[in-house]
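First up is the structure itself, then whatever we jot down about it.
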Amino acid sequence: MARAEETLQEVLAAFDFGAPVVGAVRYGQGHINDTFCVHTQPEDAACRRFILQRMSAAAFKRPDQLMENIIGVTEYLGRQIRERGGDRSREAMEVLRPKNGQPYYTDSQGGAWRLYPFVEHTVCYQAADTPELFAASGRAFGRFQQLLKGYPAETLHETIPNFHNTEDRLKKFKAALAADKLGRAGACGPEIDFVLAREADCSAALTAMRAGKLPVRVTHNDTKLNNVLMDETTGEGICIIDLDTVMPGLVIYDFGDSIRFGANHSAEDETDLTKVSLDVDLFDVYTKAFLEGTGGSLTDGELEYLPWGAKLMTLECGIRFLTDYLEGDVYFHTEREGQNLDRCRTQFKLVSDMEERWDELAAIVDKYR
Ligand code: ADP
Ligand code: GN1
Ligand code: MG
């Protein structure tokens, strides 16, 4: 698909911002959508900002279904938050419709765009600068899980089929490897072997789910630290964003993806692997906070499988980065050649650390159950 900038002016004209638009700039560090921050200048008030996004056509085949999910979930969250005396405008996302009244705008090149108010006085972190901050994100994601407990899961569309089906991710990796379209497989022998040695692991959660040990709930499925906005004054997790993958799933996915991204001190694409290691203290901090946020509602089976959630989300994400590398970087945004392979390597380093320290992880979960 063409660069989002090509239709940006057309898209800006399709929405009513309530005041003149004075600028629109690329924003944030998401890997999937094209995100812009739109600045408007009302006559007699301070600048008002909006988040305008072109949804990724590579990731989302049905923007209509995606937006139906998001409108359903944000309105439901809004009601839950108001009933608890919260501030709906800061604690839940809100979809702002284009002038044509549709849930999103389709531009002349087929790109699908949506608009949200910018949640002001918040900070979006790319790394857990302090344990308190990481704990705050854990409470927020746990609470999110709780708020959606009563949401009718059967009404949600599967926006990305088999999103956290690790068996299916393995299958797709093998297909990409067999095709080796760009001849890149030779450059990643150790990473390929790393995956193939863990084929059985890819079934761990699904086997437990099929055996009735892990219930299906409404989950976020993409719980990295930069998908929660923190209050700039109190440091508490205020608003969960990036609701594209809210779907029926396992709670261990939400726990695990936060650990994958946040329980270490390096960037996801760090090239110096000596800097990449699992911080078990941060695992401890997050576990305590997440369980607080969920209000003690997890089953024994879910608690037992929390370390598996961390390992599987990290392994799966590494497999996805490696698959995208083999396929020519068509899914995750990249800024440099080899970035997806670098990302894959950090994930596999973290998986190795989790394997080495497995007993400690299990003991931490036991401490808080
Ligand atoms: P992606 O799927 O590409 O990760 P996100 O929906 O996470 O896209 O948005 C990318 C970034 O934009 C976020 O990490 C955050 O920094 C910022 N962002 C998104 N929505 C909002 C919002 N409503 N208010 C403030 N910042 C936002
Ligand atoms: C993507 O959208 P973003 O950047 O928050 C991806 C996640 C990956 C993550 C890896 C829809 O998250 O699944 O875990 O990158 N989102 C989608 O950083 O594929
Ligand atoms: Mg995001």
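Restricting the GluC sites (Glu not before Pro) of the stretch 294-345 to loop positions (DSSP other than H, G, I, E, B) with no more than 11 neighbouring Cβ atoms within 10 Å leaves GLU335, GLU337. Using only the C-alpha atoms, the convex hull of the stretch 297-367 corresponds to 103 Å³ per residue. Projecting the Cα positions of VAL195, GLY110, PRO98 onto the charge dipole of the stretch 78-197 (unit charges on Cβ atoms of Lys, Arg, Asp and Glu, taken about the Cα centre) puts PRO98 furthest along the positive direction. So which GluC sites (Glu not before Pro) in the stretch 216-268 end up in coil per DSSP with only 12 or fewer other C-beta atoms within 10 Å? The qualifying sites are GLU232.
Our helix-only sum for the chain, with -39,500 (n - 2.57) per DSSP H run of n ≥ 4 divided by its residues, gives a mean residue ellipticity at 222 nm of -13500 deg cm²/dmol.
Between LYS181 and ASP272, what is the FRET efficiency for a Förster distance of 35 Å, r being their Cβ-Cβ separation, to the nearest 0.05? Plugging the Cβ-Cβ distance into 1/(1 + (r/R0)^6) gives 0.75.
With a cut-off of 9 Å between beta carbons, the residues surrounding HIS39 carry a summed charge of +2, where Lys and Arg count +1 and Asp and Glu -1. Only Lys, Arg, Asp and Glu carry charge here, each on its Cβ (+1 for the first two, -1 for the last two); on that basis the chain has a dipole of about 760 debye about its Cα centre. In the chain, a dipole from Cβ-located charges (positive for Lys and Arg, negative for Asp and Glu) runs towards its positive end, and of ILE71, LEU303, PHE173 it is ILE71 whose Cα lies farthest in that direction.
Placing a pseudo-label 7 Å from each Cα along the Cα-to-Cβ vector at VAL330 and ALA200 gives an inter-label distance of 3.4 nm.
For the stretch 86-136, the relative contact order is 29 percent, taking Cα pairs closer than 8 Å that sit 6 or more residues apart in sequence and dividing their mean separation by the residue count. Along the Cα-to-Cβ line of ASP168, 7 Å from the Cα, sits a label point; which residues in the stretch 322-348 have backbone N less than 17 Å from it? Within reach of a label on ASP168, which here means backbone N under 17 Å from a point 7 Å along Cα→Cβ, the stretch 322-348 contributes 323-324. When all alpha carbon pairs of the stretch 216-298 are counted in 10 Å bins from zero, the resulting P(r) reads 16, 44, 33, 7 %. For the stretch 1-80, applying the loop criterion from DSSP together with a ceiling of 13 other beta carbons within 10 Å to the GluC sites (Glu not before Pro) yields GLU43. The ranking of HIS164, HIS31, HIS121 by Cβ neighbour count inside 10 Å, starting from the fewest, reads HIS121, HIS31, HIS164. Can you work out the FRET efficiency for the pair GLU292 and GLU120, with r the C-beta to C-beta distance and R0 = 30 Å, to the nearest 0.05? In this case the efficiency is close to 0.65.
Can you tell me how the stretch 1-106 classifies by the Cα gyration tensor, rounded, prolate or oblate, using a/c under 1.5 as the rounded cut? Cα axes put the stretch 1-106 in the oblate bin. By the scheme Lys and Arg +1, Asp and Glu -1, what is the net charge of all other residues having a beta-carbon under 12 Å from that of GLY301? Here the charged neighbours net out to -1. With a threshold of 30 Å on the Cα-Cα distance, the over-threshold entries among LYS172/LYS349; LYS149/LYS311; LYS171/LYS213; LYS174/LYS224; LYS171/LYS367 are LYS171/LYS367. Working note: Karplus 6.51/-1.76/1.60 with θ = phi - 60° gives the stretch 126-143 the couplings 9, 8, 6, 5, 9, x, 4, 5, 5, 4, 4, 5, x, 4, 5, 5, x, 5 Hz, where Gly and Pro are set to x.
Taken about its Cα centre, the stretch 37-177 carries a charge dipole of about 320 debye when Lys and Arg each add +1 at the Cβ and Asp and Glu each add -1 at the Cβ. Mind checking the log10 I(q)/I(0) for the chain at q = 0.06, 0.07 Å⁻¹? Debye, one equal scatterer per Cα, no solvent, two decimals. Ignoring solvent entirely, the Cα scatterers give -0.22, -0.30. How far is the Cα center of the stretch 154-190 from the Cα center of the stretch 70-107, in Å? Taking the Cα centre of each part, the stretch 154-190 and the stretch 70-107 sit 33 Å apart.
For LYS149, the shell of other residues with beta-carbons less than 12 Å away shows a net charge of +2, using +1 for Lys and Arg and -1 for Asp and Glu.
We did not get these values from a lab; they are worked out from the coordinates using the rules stated. All values derive from a computational prediction rather than experimental measurement. When we count neighbours, we look across all protein chains shown, and the Cβ atoms used for this are built from the backbone with ideal geometry, even at glycine.
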